[in-house]
Amino acid sequence: MPSKAASLLSHGPLLVLLLCSVAVAIQLPKDLWKPPEFTDQPEEEMVVFPNDDIVLKCEATGNPALTFRWTKDGKEFDPQKEPGVTQRHGSGTLVISTNNGNAAPRFQGIYRCYASNLLGTAMSTESRIVAEGAPQWPKESVDPLEVEEGASAVLPCNPPISAFPPKIYWLNSRIIHITQNERVTLGQDGNLYFANVQLSDSRPDYICNAHFLGHRIIIQKEPLELRVMPTNSLLMRKPHLMLSEEVPSSYVALLGKTLILECIPEGLPTPTVEWVYKDGLMPLHRAIIENFNRTLRIEDVTEEDDGEYQCIVRNVGGYTQHTYRVTVEAAPYWTKKPVSHIYGPGENVRLPCEAYGKPKPEMEWRINGIPLKNLEPHPRMVLQRGALIISQVEPNDTAVMQCYAHNKHGSLLANAYIYVVRLPAQILTPDNISYSVVENQTAFLHCKTFGAPGPTMKWFTEDMYLALENNRTFEFTNGTLQLEQVQHEDAGSYRCLAKNDQNEVFITAHLIVKRATKILEGPADANKMKGTSVTFRCEAWFDVSIPKHGIKWQREGRDIKELSDTDKYFISNTTLTITNLDYSDQGEYNCVAWTSLDSVNKGAKLVVAGLPGPVFDLELSEQQERQVKLTWTPGDDHNSPITEYFVLFEESIFDPGQWHSLTSVPGNQPWTKLHLSPYGKYRFRVQAANFYGRGNQSTPSDFYQTSPAAPDLNPSGVKGEGNETSNMIITWKPLPPMDWNAPELTYHVQWRPLDEPHWNEVEVAGPPVVVTDTPTFSPYLIKVQSCNQFGSGPEADILKGYSGEDVPVATPENVGAEVINSTAIRLSWSLPNVENVRGHLKGFKVYYTWLGTMAERSRRQAHHHAHHHLEKRELLIEGNVSEIILGVFRPWSRYRVEMTVLNGKGEGPRSEAIEFGMPEGVPSRPETFTMELLQDMTAYLQWTEPKYRNGILMKYRLKYYLANQTANETEMDPIDIPISQHSLVIPNLMPYADYKFSLWAETKAGPGESHTLEGSTFPEAVLLSFENITATEVGENFTVIKWIPRIKQREVKFSVHIMDKTDGEPWHNIGKASSSKGVYLIPDLQSGKQYRIRFVKEHRNGNNETFWEEEVETHGTLHKPRTGFATEGWFIGFVSAIVLLVLVLVLLCFIKRSKGGKYSVKDKEDTQVDSEARPMKDETFGEYSDNEEKPFTSSQPSLNGDIKALGSDDSLADYGGSVDVQFNEDGSFIGQYSGQKGKEGGGNDSSGATSPTNAAAALE
């Protein structure tokens, strides 16, 4: 500040003055006077109860000191002359003591306070004091109220009058509230209204209780008795309103207050009440219907609530209505209020004063509490449109002005002083304030001035050019400089200069311009399904020189925040995620990028879609015998158009509680005509569907019942077939009850043989009907017709049925096989005697038997092979066909085929067998194929022959190539390998390369499937192949070695060696392990011993490489072997003598047995029968006997190892007449030996041996 102003204001403490409703610190001289100004005024109305003291507040400030005075009812009131009244020191507040209520009525009246000093007088608002005593109900005797049942009644309350109306409760003598409902209602006047009385309403103790909140007491009226007289004729009564004559039809509602309208009806049955605002819609959120629709309460009344309100009362007897005409008026309220101000001499003063009210308020000006009309005219003072204007003010114009506005609903009073004084110019805005703004914003540089007369001011730029020279600037009358569309070049210092006739002062303001915030990527609109999640993304750019900035999310103007008790929202630096979306989540979401200087936002619309809501208002119309029209009101489509409506029905006579689909209609058609069956009681539901599926079903419609009628349908699934050879069972699928069209249903069943004209008939309640004594598999004609008590159904269709089937006796004939390729044949046959099928031909069954390979050239060899490895299969052929292609055979094999006929009863006899052979085919791939690297460029390949040769193997062929090539890209020809060779060494391979080896076998039919192997010439680093080799588990008699194989390591076999370190035994090989297994178990160890274990790779070149070795010790204690008698020499000698004696006895016995005896040939044969051969017939062979000895069993060992088996190359003709030989169909041997001697053979590689008798005969 300039020093001139500082010297003027350096004489004492500071005062604070409120100017223009803004608190501003102004430096004023200590001795500067100030007109009176109220800080606290008395309440407009005070209700005083007994024992309450009265406090009338009156506080004000001013200089010189203030004096206070009071008036009561317009007359001077001297507190010092009134007993019990005191005035607080230094203020005008009065405290009135009522002396226990005795004097309270004496102080009733209207009070006003005045505060004055030499500069003027301020006048307070009026305060009305109302004194009330304790409320009491007068003693009264009320006769019982007798009312006939069904009539209306009113129980009066009439509480004492009070400034604060009491709250009314109706209780009984047990202090239990009287139940209120639509029939029994409490009115605003406190009375209890009965729309119609019931016998249960009779009681002697209806008590009205009044709670006076101001007095803080509850008083009760004498009990009232209501007697309800019963009647035998309760008549319906049209509703009427129970309005007393005191209830007006016109109401005046005050602006901002609450309006209550009441409509209490009577009638039988109890009427309902509906409220209507005839001039528009009820005010939303402010109109409240309560007290069972009997009361309409409108809060915070506005001028738009003016108009007519109607209550409509209805019951089944009729309706009535009542109209309230509501006029909205208002107590006065300020639209422009005069404000205190300091002026310099010669200035013009204008004090505006405008108030609104209804009726229009009367306006009046006062000066120092005296009405302007009572003062002498002032030549420089005029009234203009309610404003008080004083021209060229002088110091003696200083005064306190009062503007007073009033109408019948209230009054307003405003004090405003005019203080005329000469003061130097001051700038109240601090110096050197910096204003930071963002480019393209509007900047406001403030320069608040004070002085008398008021200073003039101007703004200058840093170069002392007038700021107003820029067409983007504007100076307000309060000194603020406005600069629009700020640019970076506008930054800098600005100076505000203020002066009046006494001095000149200035301040400097600094303008800083920042870059504007930008949203680089804003959120995008989203359409999501209910229950899913959505993520909005937002990235923004900020001016880094603005320290406070960030991104926040808003919905409909309210900030979105993460909450600890829910996971609805997840907010990161750049995203907002909303989970578990519901329809309430849809709306506009805004990303707000903000700084302390600016903000920018971008919004996105979220649409939440889902299943449609249920339809409602289902209505049945256009009802006919079998048709009804169903209409409905669509529900919420939840942001996905309804595509279809599904109509469901429940039939409650035959199928109650079960809902079934009936029909569907397009989504734009909220109706359908339903075709229904007779004799049904139906109700319906509708289900809407959209893109997301079907929504919830609607509530059920009303019931709709159709009349009974004759059946419309006959049963389906009519069949006639027998379960025995002499009957036919007629069955059908019964009609569901909903198709009966009546309470009961029967079936008229008719049948006749196909070649007879006469129908047999019977009427039954349901299936089946059994026809007996029928020929086997004979055709019949059948009819089944529905019937009920209202008639028969349509004419039934005639169907064909058959009596029972029998097992077929027909066999396929002319069975032939035509070989197509190495695995398939064309099998053909004929069926000449169809009548022998004796039933419905279901098909044929093929039995085929594998007899062996074609390499077994003789029939005997084929039978011999089948005897051991017979493979039998069967195949079902459905339908009446005569040939089929079968591709189920092995190449280069012999087969036997038989066929049978199938019908519904079973399978017929087998056809004559045929045999055929299959040509050679290509072999399967070699069963195993391995590779081992002998040296860096030499590989050793090894394989086994194909599992299925499918012919005579001619050779193997090998092809190998680099792994990054294909078989077609390599130029190398395949290598031919003899069929007897199963390994090959491949030299001169590329080192450190990956190869593919393909090996296949060939027959005359061509090359077989190849076996492809991948290998490499990388040196085997077995030691590096495994990780973490360790003995993971050691027990008393075992240990487990585990390791981790190298990824993509080909499988490597290696040896496991072990050495017993405790006993000093040498190393020995205990088996092979595979590198890919990762585990090896060593069992059969001894407890408590130390062992060394090693892994050894044995190479083809003879070198052995040990790549892991470790020592383990088994658990437990080492057990040393005991020395017993078994190791003594005497015991060994004794055992040897016993063995020698046994051998001598056995030899003697054998010699004796060789001289004769007998045995069963059958026993011998049984021991030689193969497990796959069929058992022999129960025949006893002849015996070769010796009467002195019993036969040996077949378990005797053979003494002749040179005797050939029966299946050897010897011909059976060698045995001549001594053996009658036959073979069963499967090649097994049967026959009976004669008593003559002859050559004897062993049978079929049996484990049984030649008997001693045969051995002796052979030796002869």
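The values are calculated or read from the model by the stated rules, or taken from the named source; none is laboratory data. None of the values given here were measured: they were computed from a predicted structure. Reconstructed Cβ throughout: ideal geometry from the backbone, glycine too, with neighbour counts over all protein chains shown. For accessibility, only protein heavy atoms count, side chains too; no ligands or nucleic acids. Shrake-Rupley method; radii C 1.70, N 1.55, O 1.52, S 1.80 Å.
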(message) Which order do the peptides 274-283, 682-691, 637-646 come out in when sorted by mean C-beta neighbours inside 10 angstrom, highest first?
(response) 682-691, 637-646, 274-283
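Using a cut-off of 9 Å between beta-carbons, work out the net charge of the residues near residue 354 (Lys and Arg +1, Asp and Glu -1, residue 354 not included).
Every neighbour counted, the sum reads +3.
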(message) Can you tell me which aspartates and glutamates have their Cα less than 18 Å from the Cα of residue 336? Leave out same-chain residues fewer than eight positions away.
(response) 354, 362, 364
(request) Provide the solvent-accessible area of residue 662, counting protein heavy atoms only and rolling a 1.4 Å probe, rounded to the nearest 10 Å². (result) 60
(message) Give me the 1.4 Å probe accessible area per residue for the stretch 485-524, excluding ligands and nucleic acids, in Å².
(response) 48
(request) Once you've got the Cα coordinates, tell me which of 947/1004; 561/602; 959/1072; 955/1097 are over 22 Å apart. (result) 959/1072; 955/1097
(request) Give 518/552; 530/552; 845/872; 72/257 a once-over and call out the pairs whose C-alpha atoms are over 18 Å from each other. (result) 530/552; 72/257
(request) With 26 Å as the limit, write out which pairs from 673/733; 81/337; 719/905 have Cα-Cα distances beyond it, or answer none. (result) 673/733; 81/337
(request) Within the stretch 344-407, list the trypsin sites (Lys or Arg not before Pro) lying in a DSSP loop whose Cβ has at most 11 other Cβ atoms in a 10 Å radius. (result) 385
(request) Do me a favour and compute the ellipsoid semi-axes for the stretch 332-451 from its Cα gyration tensor, root of five times each eigenvalue, largest one first, whole Å. (result) 34, 22, 11
(message) On the Cα set of the stretch 796-929, report Rg and Dmax in Å, please.
(response) 18.5, 73
(request) Could you tally the net charge around residue 719, taking each other residue with its Cβ under 13 Å from the Cβ of residue 719, Lys/Arg +1 and Asp/Glu -1? (result) +1
